[in-house]
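Heads up, the thing below is written out as structure tokens.
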Amino acid sequence: MDAHGKGMPAHAPGAPAHGAHHEELGFWRKYVFSTDHKTIGIQYTVTGLLFLFFGFTLMMMMRWQLAYPGQAIPLVGGLLGDSRAPGGVMLPEFYNQLGAMHGTIMVFLGVVPIGVGGFGNFVLPLQIGAADMAFPRINMMSYQFFVLGGLVMLGSFFLPGGAAQSGWTSYSPLADINPGQTAWGVGMVLIITSSLLGALNFLTTTIQLRAKGMSFWRFPFFVWAQFVTAFLLLLAFPPLEAAAVMQIMDRVGGTSFFLPSGLIVSGQPLPVAGGGNPLLWQHLFWFLAHPEVYVLILPAMGIVAEVIANNTRKPLWGYEPMVYSILFLGFMSFIVWAHHMFMTGMGNAMATFFQTTTMIISVPSVVILSALFLSLWGGSIRFNTPMLFALAFLPMFGIGGLTGLPLGLISSDIHLHDTYYVIGHFHYVVAPGTIFAFFAGIYYWYPKATGRKLNETLGKIHFWGSLIGMNGVFMPMFWLGLAGVSRRLYDGGASYAHAHDVLWLNTVSSYSAWFLGLAQLPFIINFFWSLRAGEAVDRNPWRSTTVEWQAPSPPPHGNFDHAPVVYRGPYDYSAPGHAEDFVPQTQEA
């Protein structure tokens, strides 16, 4: 307190070093029940990567069934048990479980936790010059709710009847009847609670804990991406949390929120009150799930922007239009959800409205993607591993976006709805799109987290293997979808005459998926080997301008040696009149 009883600014110049006078923590407090944003960010990232690996493993088993329907799964088939795969041959019910849980795990337990909980927690406070998140204990609780929700999801495989088997969208009334959905609903409530706690923390931290001089227009684009993402989480997740509770009540409490009257199950009338509406679930789910698409992609765009600016050695082209676009994109994401529901019989007026908003929302995405492409022009490009993944993100996300346009048009969606075309479109956005951006971010910020660089040779092997494998998995799905092959067929379409000419593409996708799995081995080896044997680096190995690189590597408790003061924008590269080709944000003019 000063002489007038007023609190001193959290980041006043000349304040004591952020890392001074803190107690030495034991193992459990430091690594398990940590309140340090950096440790929590690493926890989220490592846990999310483990969930991605598990979800990917489920997909590889599905790919065997699609390539060789009715044949015993090699290696692991005998371990699955007679209730899932008698004689090693996958049952249709188990295939449905794999499909539902693959989607749920990859989206809610993999991509979102890494993009927001991992990169957001580790990088955002450092980039705005903060000592920590605004609410450290709530931050810890957010991670604990996430882990608990994930354990409930995984544990559902061992419950009577197995895991959820009604798709990752959990559509009613099927989800009100099928086994496994109660655990799915409980897990979702826990995961959503985690996201809401995190969103509140990110918004408060970004607004309140900025370093002196860090105005909003001096934010790196990554901070803007996380800021908008936090708003999307805060506003879009509560409807799905309410819907999950309602669906649980339908299953265990005798309610009929989503159960209509007159349902016949196995030849018998379902003994429920009835009067519910299954379409209500779809509205509540997609009101979250379309903003969720941008929760998946916005952190990725932020990462790619940082990597491209750093490795072209020039400012981002169109920084302000990119920021306005991301704000507009966040707003528009709340008024496009029903383009997932064109087949439900909605009226022409409403269908036309959502078709129009879907076309409009493509515009800000195109602005951001175009700005990133134009940022390459005239740059002194460094083709290191983070840059390779960031560059690959641009066309991969472009393919994902362009193939989504026919799904937003009523006439073409009639044919393409629920086919493999939809799978190909969505996965190009989040697999070679978002996940490539995450790999770029891991290779880029790994030196900040560990003080060591990842090996470049192993990184480039990982990149080229992943690029070939990703396209081999998902590109054939566009042809399968255009041929009319449904996305949820247990045999991949073998029982349908019209699919026979394209069934060989299932085998191409499957072998590509297994190759993609092998391509991750260099990354796994690199990740752990470099912890001890990687090249030791100083605090700014990439010669970057943003504030996080002014902290030691790895940053201590409190992050900075002294409270940073920001004097300039985030991308002062190749500025005339300076000895080096970068000017840090904390350097005075």
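The values are calculated or read from the model by the stated rules, or taken from the named source; none is laboratory data. Quick caveat: nothing in here was measured; it's all calculated off a predicted structure. Every residue, glycine as well, gets a Cβ built from its backbone with ideal geometry; the counts of neighbours run over all protein chains shown. Heads up: the accessible areas ignore ligands, DNA and RNA and are worked out on the full protein's heavy atoms, side chains in. Shrake-Rupley method; radii C 1.70, N 1.55, O 1.52, S 1.80 Å.
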**Report entry** Counting all C-alpha pairs of segment 365-419, share separated by more than 18 Å (%)
**Finding:** 47 percent
Query raised in the report: How many percent of the accessible area of segment 71-198 is carbon or sulfur, using a 1.4 Å probe?
Result: 72 percent
Query raised in the report: Of all accessible surface on segment 373-478 at a 1.4 Å probe, what whole percent is carbon and sulfur?
Result: 75 percent
Requested in this report: Take every Cα-Cα pair in segment 463-560 and report what % of them are more than 18 Å apart.
Outcome: 65 percent
Query raised in the report: What translational diffusion coefficient, in µm²/s and rounded to a whole number, does the Stokes-Einstein relation yield for segment 339-437 at 25 °C and a viscosity of 0.890 mPa s, taking the hydrodynamic radius as the Kirkwood radius over Cα pairs?
Result: 164 µm²/s
Report summary line: Any DSSP H helix in the chain with Cα axial reach of 27 Å or more and mean Kyte-Doolittle score of at least 1.6? Listed by number, the hits are none
Requested in this report: Heads up, I need the accessible area for Lys212: 1.4 angstrom probe, whole protein in place, Å², nearest 10.
Outcome: 110 Å²
Query - the chain - convex hull of the alpha-carbon atoms, volume per residue in Å³ - result: 173 Å³
Query raised in the report: Projected onto the charge dipole of the chain (+1 at Lys/Arg Cβ, -1 at Asp/Glu Cβ, origin at the Cα centre), which of Gln65, Ser34, Leu98 gives the Cα projection farthest towards the positive end?
Result: Ser34
Report summary line: One finds the C-alpha centres of segment 123-184 and segment 433-482 to be spaced, in Å, by 25 Å
Requested in this report: Filter the cross-link list Lys30/Lys460; Lys30/Lys453; Lys30/Lys314 down to pairs whose alpha-carbon distance in this structure exceeds 30 Å.
Outcome: Lys30/Lys460; Lys30/Lys314
Report summary line: Binned at 10 Å from zero, the C-alpha pair distances of segment 78-132 give percents of 22, 26, 20, 16, 12, 5
Query raised in the report: Dipole of the chain, Cα-centred, from +1 at each Lys and Arg C-beta and -1 at each Asp and Glu C-beta, to the nearest 20 debye?
Result: 580 debye
Query raised in the report: Can you give me the Cα centroid spacing of segment 218-294 and segment 29-53 in angstrom?
Result: 28 Å
Report summary line: Percent relative contact order for the chain, counting Cα pairs under 8 Å at least six residues apart, stands at 17 percent
Query raised in the report: Lys/Arg Cβ at +1, Asp/Glu Cβ at -1, dipole of the chain taken about the Cα centre: which of Met475, Ser530, Ala579 is farthest positive-ward?
Result: Ala579
Report summary line: Under the helix-only model (-39500 (n - 2.57) for each DSSP H run of 4 or more, divided by the residues of the chain), the mean residue ellipticity at 222 nm, to 500 deg cm²/dmol, is -18500 deg cm²/dmol
Query raised in the report: Computed FRET efficiency, Cβ-Cβ of Ala72 and Thr507, R0 22 Å: what is it to the nearest 0.05?
Result: 0.85
Report summary line: Result for the chain: accessible area per residue, probe 1.4 angstrom, in square angstrom, of 40 Å²
Query raised in the report: Given a 1.4 Å probe and the protein chains all in place, what does the accessible area of Trp337 round to, in Å² to the nearest 10?
Result: 50 Å²
Query raised in the report: If you average 1/r over every pair of different alpha-carbon atoms in segment 83-218 and take one over that average, what Kirkwood value in Å do you get?
Result: 16.6 Å
**Report entry** Extension gain (nm, one decimal) between Asn277 and Phe216, 0.36 nm per residue minus Cα-Cα
**Finding:** 17.5 nm
Query raised in the report: So what is the relative contact order for segment 177-261, in percent, with contacts set as C-alpha pairs under 8 Å and at least six apart?
Result: 45 percent
Query raised in the report: Using alpha-carbon pairs under 8 Å, 6+ residues apart, how would you state the relative contact order of segment 36-161 in percent?
Result: 38 percent
Requested in this report: For segment 213-329, give the percent of accessible area contributed by carbon and sulfur heavy atoms, probe 1.4 Å, rounded to a whole number.
Outcome: 69 percent
Query raised in the report: Hey, got the dipole for segment 232-323? About the Cα centre, +1 on K and R Cβ, -1 on D and E Cβ, debye to the nearest 20?
Result: 160 debye
